[in-house]
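Note sheet for the following structure.
Please treat every number below as a calculation from the coordinates, not as lab data. Values in this document were obtained by computation on a predicted structure and should not be read as measured data. Cβ coordinates were reconstructed from backbone atoms using ideal geometry, including for glycine residues, and neighbour counts include every protein chain displayed.
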Amino acid sequence: VQLQAFGGGLVQAGGSLRLSCAAFGRTSRTYTVGWFRQAPGKEREFVVAISWSGGSTHYADSVKGRFTISRDNAKNTVYLQMNNMKAEDTAVYYCAAALYYLPTATMARLYDYWGRGTLVTVSS
């Protein structure tokens, strides 16, 4: 599976942005998709993940109530809607696929495939 994340950009605090993660290749396999982010000088951290069916999701506490993950398997695409954004959301966002784990898998090492990141900058 190859992943490509896009949709990043500059947004003001309180604003919204939607990221997309498109999957290519062996998309017939079922997989959990997660979003991670890495701010300058910080470690990569888990943001949110969604199961293959879309029926199960898991959010980091820092984004609960503000971010929403969804997926459209017909389009092999996962979306991350980010609302009420804060300066601390500034980071490079990565999407990743885990073949064998549920959305509660928050450790990056459990994910098998990664896309190139997309930069999100929130101005205060």
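Spatially, the range 1-57 and the range 60-124 are offset by 3 Å when compared through their Cα centroids. DSSP finds beta bridges in the chain, and of those with both partners inside it, around 90 percent are antiparallel. Only Lys, Arg, Asp and Glu carry charge here, each on its Cβ (+1 for the first two, -1 for the last two); on that basis the chain has a dipole of about 200 debye about its Cα centre. Placing a label point 7 Å from the Cα of D72 along the Cα-to-Cβ direction, the residues of the range 30-59 with a backbone N closer than 18 Å are 33, 50-55.
Between L99 and D112, the modelled label-to-label distance comes to 0.3 nm, taking each label 7 Å out from Cα in the direction of the beta carbon.
Evaluated at 37 °C with a viscosity of 0.692 mPa s, what Stokes-Einstein diffusion coefficient in µm²/s does the chain have when Rh comes from the Kirkwood expression over alpha-carbon pairs?
On the way: Rh = 14.1 Å.
My calculation gives 232 µm²/s for D.
Derived scalar couplings between HN and Hα for the range 102-113 equal 7, x, 6, 6, 9, 8, 4, 5, 7, 9, 8, 10 Hz in order, rounded to whole Hz, by the Karplus curve 6.51 cos²θ - 1.76 cosθ + 1.60 (θ = phi - 60°), x for Gly and Pro.
Across the range 70-82, rounded Karplus estimates of 3J(HN,Hα) from the backbone phi angles (6.51 cos²θ - 1.76 cosθ + 1.60, θ = phi - 60°) give 8, 9, 10, 5, 5, 9, 6, 9, 10, 10, 10, 8, 10 Hz, Gly and Pro being marked x. Amide H contacts for S56 (H built 1.01 Å from N in the peptide plane; partners 5 or more residues away or on another chain; cut-off under 5 Å): S51.
For V120, the amide hydrogen comes within under 5 Å of the amide hydrogens of G9, A91, V92, Y93, counting only partners 5 or more places away or on other chains and with H modelled in the peptide plane. The 3J(HN,Hα) values that the Karplus relation (6.51, -1.76, 1.60; θ = phi - 60°) gives for the range 37-44 are, in residue order, 9, 9, 8, x, x, 10, 7, 5 Hz. Gly and Pro appear as x. Net length available on complete extension from A39 to Q12 is 8.0 nm, with 0.36 nm assigned per residue and the Cα-Cα distance removed.
Of the chymotrypsin sites (Phe, Trp or Tyr not before Pro) found in the range 19-119, those in coil by DSSP whose Cβ has at most 12 other Cβ atoms within 10 Å are Y100.
Give the residue list of GluC sites (Glu not before Pro) in the range 1-98 that are DSSP loop and have at most 10 other beta-carbon atoms within 10 angstrom. Here the sparse-neighbourhood loop sites are E43.
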